[in-house]
Amino acid sequence: MLPDLVESTREIAGLSITPELFDKFQRLIHEEAGIWLNDSKTALLCGRLSRRLRALQMATLDEYYEFVTDPRQEAERVAMIDAITTNETRFFRDPRHFEFLESRAIPRWRNEAQQGIRQKMIRLWSAGCSSGEEPYSLAMLLARHLPAQQGWNTSILATDISTRMLAHARAAIYSIAKSPDIPEPLLKDYMLKGTGSQDGQMKVMPEIQAMIDFQKLNLMHGPFPPESHFDAIFCRNVLIYFDAPSKQRVVERVTRCLARNGILFVGQAENLASVKSSFRSLLPAVYAREGEHVGF
Ligand SMILES: C[S@@+](CC[C@H](N)C(=O)[O-])C[C@H]1O[C@@H](n2cnc3c(N)ncnc32)[C@H](O)[C@@H]1O
């Protein structure tokens, strides 16, 4: 038995990992965040966790596992999930989604308000908002097309599992290198260019920041916002991490928060084909509930 055991122990990124230990991390990460690392992800796990071990000055993954599963180490479990997930995002990512909002959804909401069948109130949810580029893009668009001066009350809930990403998002400061992603008129009106020690940075204007409530929320465990609450939900490039049962659960739970005639946006590389719920596709990665009249 011993030679087998030795053979199956792998050395990656300077760390030893047995299949048993990999299984333990696989289960822990799944319980914590719904992310299922298949067996081909041993190198990814070791590579990403090696940073945590360095930060904590630990030598072995066994020692780290003991530490991270201690009930008092909630913050480290968050840091572990942070290390495993990719937080990549961009302002106005998937421009077709923002064009859809601008040319279809916002005119419909405006019409409904004119006809007196909706209040001048729009609520959006950016579920898995990372460092904030997605909710700030949405806020800029709402501020431009449904301004408070015309009586609109618009707000965005922006949530993520990662406290590190939420802190970044709340700070609202970005590299100026990201400015080409923002349409020129919105950049001009809603971003402040840094000077002096802030050179090379830009900051979101306070009126846009005030539209967004950033909250920590694990899509596997909640706590979830009220049901039937949001006119549109952006759950983009998050579902990709989940295994099929978790994806099913998350989509069901998230869409319960969608108001009647609401719209669900997922990532361009994601779809709801494997999810047992009745949605119809309005555009790739844009969905409405079957039977609802969203007017498109
Ligand atoms: C790739 S980013 C997507 C950001 C943005 N939605 C976009 O499309 O550009 C995915 C985000 O999902 C978050 N995430 C991963 N698992 C999560 C979970 N179980 N609950 C909440 N957020 C999660 C990660 O922390 C990360 O910030």
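Read-outs throughout are calculated quantities, based only on the coordinates presented, and are distinct from any laboratory measurement. None of these values were measured; they are calculated from a predicted model. Note that we place each Cβ from the backbone using ideal geometry, even for glycine, and neighbour counts take in every protein chain shown.
Laid out as a table, the results:
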item: Mean Cα-pair separation over length for segment 167-242, i.e. relative contact order, pairs under 8 Å, 6 or more apart, %; result: 25
item: GluC sites (Glu not before Pro) lying in DSSP loop within segment 85-179, provided at most 12 other Cβ fall within 10 Å; result: Glu88
item: Cα pair distances of segment 181-252 binned at 10 Å [whole percent]; result: 14, 32, 25, 23, 5, 0
item: Which of Val294, Val254 has the fewest Cβ neighbours within 10 Å, and the rest in rising order; result: Val294, Val254
item: P(r) tail fraction, segment 63-103 - alpha-carbon pairs more than 13 Å apart, %; result: 66
item: Net dipole in debye of segment 57-115 [+1 Lys, Arg Cβ; -1 Asp, Glu Cβ; about Cα centre; nearest 20]; result: 700
item: Listed peptides 156-169, 42-55 by packing density, highest first (mean Cβ within 10 Å); result: 156-169, 42-55
item: Separation of the Arg51 and Lys203 label points, Cα + 7 Å toward Cβ, nm; result: 2.7
item: The chain: relative contact order in percent, alpha carbon pairs under 8 Å with at least 6 residues between; result: 15
item: Charge dipole of the chain about the Cα centre (unit charges at C-beta), most positive-ward option of Leu53, Ala148, Ala43; result: Ala148
item: Dipole magnitude (debye, nearest 20) for segment 95-289, charges at Cβ of Lys, Arg, Asp, Glu; result: 500
item: Calculated over segment 78-172: convex hull of Cα atoms, volume per residue (Å³); result: 94
item: Restraint check, Lys188/Lys247; Lys178/Lys216; Lys24/Lys216; Lys120/Lys247, Cα-Cα greater than 28 Å; result: Lys188/Lys247; Lys120/Lys247
item: Added length on full extension, which subtracts the Cα-Cα distance from 0.36 nm per residue, Glu292 to Asn271; result: 5.6 nm
item: log₁₀ of I(q)/I(0) at q = 0.14, 0.21 Å⁻¹ - segment 1-102, Debye sum with one point per alpha carbon; result: -0.60, -1.09
item: Fully extended contour minus Cα-Cα distance, from Asp39 to Ala244, at 0.36 nm per residue; result: 72.2 nm
item: R0 of 45 Å, Cβ-Cβ distance Asn218-Glu112: FRET efficiency to nearest 0.05; result: 0.85
item: Cα point-scatterer Debye curve for the chain, base-10 log of I(q)/I(0) at q = 0.10, 0.14 Å⁻¹; result: -0.62, -1.06
item: Label-point gap, in nm, between Leu192 and Gln150 - each point 7 angstrom along Cα→Cβ; result: 2.7
item: For segment 192-296, convex hull of alpha carbons as volume per residue, Å³; result: 154
item: Euclidean distance of C-alpha centroids, segment 251-272 and segment 90-131, integer Å; result: 14
